[in-house]
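Working notes, beginning with the structure itself.
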Amino acid sequence: MTRKILLKLLVVFLVFSVSHTAEAQRKKKKSKKGAPTAPAPRPKPKKGAIQPYSKVITKDAKTDKGLFNVHKIDEKFFYEIPDSLFEREMLMVTRIAKTASGNGFGGGKTNTQVLRWQKKDKKVVLRVVSHNVYAADSLPVKEAVVNSNFEPVLYTFPIKAFGKDSTSTVIDVTDLFQKDVKALGLPQGQRTNYRVTRLDATKSFIESVKSYPRNIEARHVKTYAAGRPPSNGSTGTISVEMNNSMILLPKVPMKRRYFDQRVGWFARGQVDYGLDAQESKTVRYLDRWRLEVKDEDIAKFKRGELVEPKKQIVYYIDRATPEQWRKYIKQGIEDWQVAFEAAGFKNAIIAKDPPTVEEDPEWSPEDVRYSVVRYLASPIPNANGPHVSDPRSGEILESDINWYHNVMTLLRNWFFVQTAAINPDARGVAFKDEIMGRLIRFVSAHEVGHTLGLPHNMGSSVAYPVDSLRSAAFTKKYGTAPSIMDYARFNYVAQPEDKGVALMPNIGIYDKHAINWGYRPILDKSAKDEKETLDKWILDHADDPMYRFGRQQFGVIDPSSQTEDLGDDAVKASLYGIANLKRIVPNLIKWTAEDGKDYSDLQTMYGQVLGQYNRYMGHVASNIGGVYEYYKTYDQDGAVYTHVSKAHQKKAMNFMQNELFKTPKWLIDENIFNKVESAGSVERLRGTQVRALNNILDFGRMARLIENETLNGNEAYTIINMMGDLRRGLFSELASGRKIDTYRRNLQRAYIERMEFLMNNEQPNVPARFRRFAGTQVDVSQSDIRPVVRGELVTLRSSIRSAIGRTSDRLSRYHLQDALQRINNILDPK
């Protein structure tokens, strides 16, 4: 292409460009005269960028002010966290608020964690804090403790905005409660039981998030896909409503009080690496309310005058509680005044009605500032008293007593079966309000005791001689046990001629002692230095059984620390109890009768009689191979563990033979059976006898008998003594050749089956940490148990062979021939 042609093309291009630009200018001028053009769109903020407060918390937000301001916008929830609360420790308590049928009950606590909110760059980090290990800040080992106790991250949140005055931070917490954060949802045990595979997000949602001055309450419904749901199996899901309470912990923890096993108390443990000992040790300290003397009253307190605490323990009665029961629940709460007076305080614990909705529409039982007796419409026949406490100090922050409607059914049944023989007010299936009210007061006081920090004291009732429980003067002064925290419910020992006896316990001598020991301030001393004073308070009453604490057992070893027993001699007390049951059974139809009603109440009350009879058998059987446990320290004389005497164990065996293994015909009332069932009386009594028999022929019990003989020789009730007495009693018909009735034949077969079990089975292994609660562990195959069992079967086989020929009753003879074959199969299996 020539240079001339290129120049021409360039001229054309320039002319075109100028004319095009001029045309564009004309159009632009023309458009100014017409409709205005839309402004250019504002550039979108970068993903994750922190936005202005007004762009995040819009005018549509519904705000609930409290610990954090909680903002709800459509279906999203935002926390506005004050900068002053970052790094503060908060307690997260997770409960199942509502649950599916067959999956426990609402209110059960599933997880407790200490949390810490931290601001880090453009994120807020939620960490889990552990107080399981500890060392003082001033010690070099503190650095090692921190390094080995790194706080795991529970969740992270991008910062959405800063507050209007830049002293708060806004985050979106929707996913924390809407997604499957396991620490805040269904516990792992239930996930495993119901074969939960995943969270169904389409059926899960946040119900509410409410903020109060010291806590935030979040409720969210979780629906999980489940292979084995407890109910409504066709859905393949399980739905629960979870409640997460986040509570601000005090900036300065309360002074601890250290635990001592000689006084029963709910306590928590912490491994302290800063002690002078050459090993790490677990330090335990009490859960208790912060009761402190006002500065202006310290002089009065030191002079021994009663003073009011800086802050009272206040319980509110739920608005849902029926009016006729409110005053009795209040009385049960304030019955503890006498115990706190023993600790130096007056008006330390009071009961109040909550404000009405009109008086305070914001009042809520979920507000951690209020402890509430909550009345729940539930068929569960129970009540319980959980509490929430600061893991750093043990300070109880809040407590709710859950009162289930059907606890009154439980009270009615127990009061009937234990006192109707001597108490006309207990005869019937509907009590007068004042009678039921007194029972409610008793249960209220017991549950309040738990919320004050006291566990069950099952070693309390053994303090009283059995016959003292038949004395009106004694029982009116002392009640039926030194502690209302024992399960010593009602006076089944008293007989009809014992007029005016008390029927239940009150706040007793032990309760006053325990509250004084746990709550009386020891001024001007550290938690460590006050130990000497606390020890002295225990030693002052060390030999008085009224001041004894006995732990609750699951697998009874110590027969002096059992549930539902009374008095210092289970054999004697149970004989009195059986005498009263023999008075009740013939009157059951009359005392449950009502025109136009079916016989379901009769059936229930007969079952209650049988249940009470079973308890007597358990109380006595526990003495066989029993070992007493009386807590002591190095400065006290005597053993902690001592075996039950030979004479008393033999007495217990004779009781079992006479009162249970010889057919208790007084329990067999055809006039009752023909109104409640077509069949079942034989099987019911067989079950009662077999449970008691298997309880006696227990691996752990037999191991304790062997150990007793090893340690104490001829002074012991040996395993040979026990097994011989048991066999001779169960097969007493063999010596005379007399007829063996249906009940005895069943019992004898059960004995042979249990002996076969002992020959062929090992004791299930119990982890060491649970053995204190689950009985005695023994290696059966390497113990004397099997040789003794084999020897007893050989002796029994010989006795049966001799008895067959002199047994004239055909069914009895068939039974013995069958028993002989069973024993041969055990001893000589093919």
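The values are calculated or read from the model by the stated rules, or taken from the named source; none is laboratory data. Since this is a predicted model, take the numbers as computed values, not measurements. Here the Cβ is made from the backbone with ideal geometry for all residues, glycine too, and neighbour counts use every protein chain on show.
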| said: Going by what's in this entry, would Ile247 be described as over 30 Å from Gly550 (Cβ atoms), surrounded by fewer than 19 Cβ atoms within 10 Å (Cβ to Cβ) and among the aliphatic types (A, V, I, L, M)? | reply: no
| Of everything in the stretch 156-204 that's of a type in the set (Phe, Trp, Tyr) and over 29 Å from the mean Cα position of the chain (by Cα), which residue is surrounded by the fewest Cβ atoms within 10 Å (Cβ to Cβ)? | Phe162
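If I ask for residues that are acidic (Asp, Glu) and either outside any loop (DSSP other than H, G, I, E, B) or without any contact (Cβ under 8 Å) to a residue 40 or more places away in the chain (or both), which ones from the stretch 732-770 would you list? Spell out the reasoning first.
So the first thing to find is which residues in the stretch 732-770 are acidic (Asp, Glu), and the list is 733, 741, 753, 756, 762.
Across the stretch 732-770, the qualifying residues are Glu733, Glu753, Glu756, Glu762.
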| query | Taking strands (runs of 3 or more DSSP E) that do not extend beyond the stretch 197-308, which have at least 3 residues that are closer than 30 Å to Glu530 by Cβ? | reply | 267-272, 281-286
| note | Log entry, pairs with first residue in the stretch 475-497 being under 12 Å from Leu566 (Cβ atoms), second being β-branched (Val, Ile, Thr) and in a loop (DSSP other than H, G, I, E, B), beta carbons closer than 8 Å, six or more apart or on different chains, reads Thr475/Val501; Tyr487/Thr563; Ala488/Thr480; Phe490/Thr480; Asn491/Thr480; Asn491/Val501; Ala494/Ile422; Ala494/Val501
| For the stretch 355-397, what are the residues that are modelled with pLDDT of 90 or more and under 30 Å from Thr282 (Cα atoms)? | Ser389, Asp390, Pro391, Arg392, Ser393, Gly394, Glu395, Ile396, Leu397
| task | State the number of residues belonging to the stretch 298-334 that are more than 28 Å from the chain's Cα centre (by Cα) and buried (at least 19 other Cβ atoms within 10 Å of the Cβ). | result | 2
| message | List pairs: first residue in the stretch 185-197 and basic (Lys, Arg), second residue modelled with pLDDT of 85 or more anywhere in the structure, Cβ distance under 7 angstrom, at least six positions apart or on different chains. | response | Arg195/Ala226; Arg195/Gly227
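Just the residues that are of a type in the set (Val, Ile, Thr) and in contact with a strand residue (DSSP E or B) (Cβ under 7 Å, 6 or more places away or on another chain), please, taken from the stretch 422-447. Walk me through how you get there before you give the answer.
First, pick out the residues of the stretch 422-447 that are of a type in the set (Val, Ile, Thr): 422, 429, 435, 440, 443.
Val443 - this is the single residue of the stretch 422-447 that is of a type in the set (Val, Ile, Thr) and in contact with a strand residue (DSSP E or B) (Cβ under 7 Å, 6 or more places away or on another chain).
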| Any chance Ala445 is among the aliphatic types (A, V, I, L, M) and under 18 Å from Pro322 (Cβ atoms) | no
| request: State all residues of the stretch 507-552 that are buried (at least 20 other Cβ atoms within 10 Å of the Cβ), under 30 Å from Phe415 (Cα atoms) and of a type outside the set (A, V, I, L, M, F, W, C); if no residue qualifies, say none. | output: Gly508, Tyr510, Asp511, Lys512, His513, Tyr547, Arg548, Gly550
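Within the stretch 490-510, does at least one residue satisfy the condition of being among the hydrophobic types (A, V, I, L, M, F, W, C), assigned to a helix (DSSP H, G or I) and within 30 Å of the chain's Cα centre (by Cα)?
yes
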| message | Go through (1) modelled with pLDDT under 95; (2) within 31 Å of the chain's Cα centre (by Cα) for Gly680 and report which single condition fails. | response | (2)
| task | Tell me, please, whether a residue that is at pLDDT below 95, among the polar types (S, T, N, Q), out of contact with any Asp or Glu (no Cβ under 6 Å at 6 or more places or on another chain) and over 27 Å from Ile440 (Cα atoms) can be found in the stretch 279-295. | result | yes
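For the stretch 356-373, how many residues are touching a Pro at 6+ places or on another chain (Cβ under 6 Å) and crowded, with 18+ Cβ neighbours inside 10 Å? Talk me through it step by step, then tell me what you get.
Within the stretch 356-373, the first condition is being touching a Pro at 6+ places or on another chain (Cβ under 6 Å), and the residues that meet it are 363, 372.
Applying the additional criterion that residues be crowded, with 18+ Cβ neighbours inside 10 Å yields 372.
Adding up the residues that qualify gives 1.
Would you mind finding the one in Asp353, Asp295, Asp287 that is surrounded by 15 or more Cβ atoms within 10 Å (Cβ to Cβ) and of a type in the set (Asp, Glu)?
Details: Asp353 fails: surrounded by 15 or more Cβ atoms within 10 Å (Cβ to Cβ); Asp295 fails: surrounded by 15 or more Cβ atoms within 10 Å (Cβ to Cβ).
Exactly one of Asp353, Asp295, Asp287 is surrounded by 15 or more Cβ atoms within 10 Å (Cβ to Cβ) and of a type in the set (Asp, Glu), namely Asp287.
Considering each of Ala579, Ala573 in turn, give the residue that is within 13 Å of Ala488 (Cα to Cα) and either at pLDDT 95 or above or buried (at least 17 other Cβ atoms within 10 Å of the Cβ) (or both).
Values: Ala579 fails: within 13 Å of Ala488 (Cα to Cα).
That would be Ala573, the only listed residue that is within 13 Å of Ala488 (Cα to Cα) and either at pLDDT 95 or above or buried (at least 17 other Cβ atoms within 10 Å of the Cβ) (or both).
Taking the condition of being in a loop (DSSP other than H, G, I, E, B) and farther than 11 Å from Val314 by Cβ, how many residues in the stretch 334-352 meet it?
Residues meeting the conditions: 5.
For the stretch 663-674, name all the residues that are without any contact (Cβ under 8 Å) to a residue 12 or more places away in the chain and of a type outside the set (Phe, Trp, Tyr). Before you say what the answer is, go through the steps one by one.
Within the stretch 663-674, the subset without any contact (Cβ under 8 Å) to a residue 12 or more places away in the chain is 665, 670, 673-674.
Correct list: Lys665, Glu670, Asn674.
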| field | Failed item, numbered, when Asn765 is tested on (1) surrounded by fewer than 15 Cβ atoms within 10 Å (Cβ to Cβ); (2) under 38 Å from the mean Cα position of the chain (by Cα); (3) within 28 Å of Leu575 (Cα to Cα) | value | (3)
| task | Consider Gly567 carefully, then state whether it is at positive phi, crowded, with 23+ Cβ neighbours inside 10 Å and of a type outside the set (A, V, I, L, M). | result | yes
| For the stretch 704-722, does any single residue satisfy the condition of being in contact (Cβ under 8 Å) with a residue 40 or more places away in the chain and closer than 21 Å to Phe554 by Cα? | yes
| note | Going through the stretch 384-434 in order, the residues found to be under 19 Å from the mean Cα position of the chain (by Cα), at negative phi and part of a loop (DSSP other than H, G, I, E, B) are Gly385, Pro386, Asp390, Pro391, His405, Asn406
| field | Residue that is surrounded by the fewest Cβ atoms within 10 Å (Cβ to Cβ) [pool: residues in the stretch 607-645 that are within 23 Å of Met656 (Cβ to Cβ) and among the hydroxyl-bearing types (Ser, Thr, Tyr)] | value | Thr642
